[in-house]
Amino acid sequence: MNYMRKLTLYSMLLLLTFSISSCNYLDVDKWFDDTMKYDSIFSRKEYLERYMWNVASMFPDEGKFLNSPATPGPLATDEAFETFNAESYAGMAFVTGSINEENISGKSIYQWNTMYKIIRKANIILSRMDEVTDMSNLEKPDIWAYTYFMRAYAYYHLIMDFGPVILVGDQVYPSNEQPEAYANVRATYDESVDYACEQFELAAQYLPETQPNSSFGRPTKGAAYALIARLRLIQASPLYNGRGQTYFGNWKRSSDGVFYISQQYDDRKWAVAAWMNKKSRSSVEMSDKKYRPAIMKKEMDMSSYDEILLGFPIWWYVAPTIINTFLEAYDFSGKKIVLFATSGGSGFGNTVKELQPSAPDAVITEGRLLNCGTKQEISEWVNSL
C-alpha cells in the first residue's frame, strides 16, 4: 500500500513538473484546436462554417490605423516627425526607428505569424471539406469563395507589409516537423503578386456580386477584383517594375541568384493593371472595339485644314476609342493626320492600324511621344513638321 501511495505521488509530481516546465512549449489549447477538433469540424456543414468564420476573425481590425495598427499605415511616411514619444503610434515609431528589426516581432504591425496561421487553416478547410457529409455540391462554392478569398487576403497583407513572401500553395505543414521541413525560400515579388491575384480570381468565380445587409462585411466579387487591381497597380509602379529601386532593388535570392525585385522594366504590367480594373474606362472601351464614346457636339470645318495634329494617351498600345469617334464624325479625305501621345512606357503600338479604318481616305502617321516634354521641345517639334 505504501508502495502504491508513493508511486501515485511520484506520478503526480512528475506530471505537475512536466506541465509547469513545458507550458510555454506545448500550448494545449492550440493543439486541441488544430488537431483534436478537426474530426468534429468536418463532420457537419454547420461546424465547418463556424470554423471558417472563426478563421476570418483572425484578421486584424483595419479601423485601428493609428493606435496599435496591424500595418504601419498613414503615419509611416518619410515626412513624419514627432515632438513626443509616440510608441503607441506604430507607423511613426517604425519610421523613426523606435520599432526596428530587433523588436518588431512583438509589435502590432508584425502580422507575419498570424497571416500564415490563416493560410494554414484555409488550406486545411480546402483539403478536408469533402469529408462533410451533409453538404451538397451546390453548397460547396460558398466555402470555396470565402476560403480562397481569406487565403488570398492573408497573402495580400503579407505582400503589402513584407514584399516577397513564402508561398506554401495548398500544403498543410504538420506542426511537429524538424525546422528543416519549414525552410522554404521566399518567392520573388512578381511571383508573390501573381499567386495572390490567382487566389483572388479563384474566389471571384464563386463570390456574389452583392451581399445582403445581414451579411455586411463579407467579401464580394468586386472586393476581390479591387484588391487584384491594387496589387497589379503597385506591381506596375516604378518601385517594383525595374525603375526607382534604391534600397531593396538589388536583393537576390541566395538559392538561385534571382532578383527579388524585377530589374527589367515591363510596360505590360501597366496594361495588366488597367485590364484588372474591370470598370475602368480603358477596360470598358478596349474590351469592345466597336464601342464609341460620345463626344461633345461641336461643328468643325475640316476643309480649312490640310494637316491635323491629333493627341491622346496610349491605352493598351492603341488610342482610346473616343479618337475613333472623332475621326468618324468628320470627313478627313486627303488630309494628313500626325499623331502625338503620352504613354507610361509603351510606344504607339498598333495605333495607326486601329485608327486608319475610321479615316480611310486620310494619311495617318506616327508623330512623337511627348512624355514630360517641355514647352520649348513641343514647339520645336511642331515647327519641324
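The values are calculated or read from the model by the stated rules, or taken from the named source; none is laboratory data. These figures come from a predicted structure and were not determined experimentally. Ideal geometry is used to build each Cβ from the backbone, glycine not excepted, and the neighbour counts take in all protein chains shown.
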Worksheet item: In the stretch 118-152, how many residues are in a helix (DSSP H, G or I), in contact (Cβ under 8 Å) with a residue 40 or more places away in the chain and surrounded by 15 or more Cβ atoms within 10 Å (Cβ to Cβ)?
Response: 22
Discussion item. Can you find, within the stretch 173-196, the residue that is modelled with the highest pLDDT among those that are among the β-branched types (Val, Ile, Thr) and either surrounded by fewer than 16 Cβ atoms within 10 Å (Cβ to Cβ) or closer than 17 Å to residue 257 by Cα (or both)?
Written reply: 188
Response to the item:
Log entry, pairs with first residue in the stretch 299-327 being small (Gly, Ala, Ser), second being surrounded by fewer than 19 Cβ atoms within 10 Å (Cβ to Cβ) and modelled with pLDDT of 90 or more, beta carbons closer than 6 Å, six or more apart or on different chains, reads 311/340; 319/312
Discussion item. Going by what's in this entry, would residue 190 be described as assigned to a helix (DSSP H, G or I), closer than 22 Å to residue 57 by Cα and in contact with a helix residue (DSSP H, G or I) (Cβ under 8 Å, 6 or more places away or on another chain)?
Written reply: no
Practice prompt. Pairs only if they're at least six apart or on different chains, beta carbon under 6 angstrom, first in the stretch 159-179 and of a type in the set (Asp, Glu), second assigned to a loop (DSSP other than H, G, I, E, B); list them, first residue then second.
Written response: 161/71
Worksheet item: Within the bounds of the stretch 338-345, is there any residue that is surrounded by fewer than 16 Cβ atoms within 10 Å (Cβ to Cβ) and closer than 19 Å to residue 307 by Cβ?
Response: no
Discussion item. Return the residues of the stretch 180-197 that are in contact (Cβ under 8 Å) with a residue 40 or more places away in the chain and within 22 Å of residue 124 (Cβ to Cβ); say none if nothing qualifies.
Written reply: 195, 196
Worksheet item: Got a sec? Which of 185, 165, 172 is touching a Leu at 6+ places or on another chain (Cβ under 8 Å) and in a loop (DSSP other than H, G, I, E, B)?
Response: 165
Practice prompt. Determine whether residue 312 is of a type in the set (Phe, Trp, Tyr), closer than 14 Å to residue 349 by Cβ and under 41 Å from the mean Cα position of the chain (by Cα).
Written response: yes
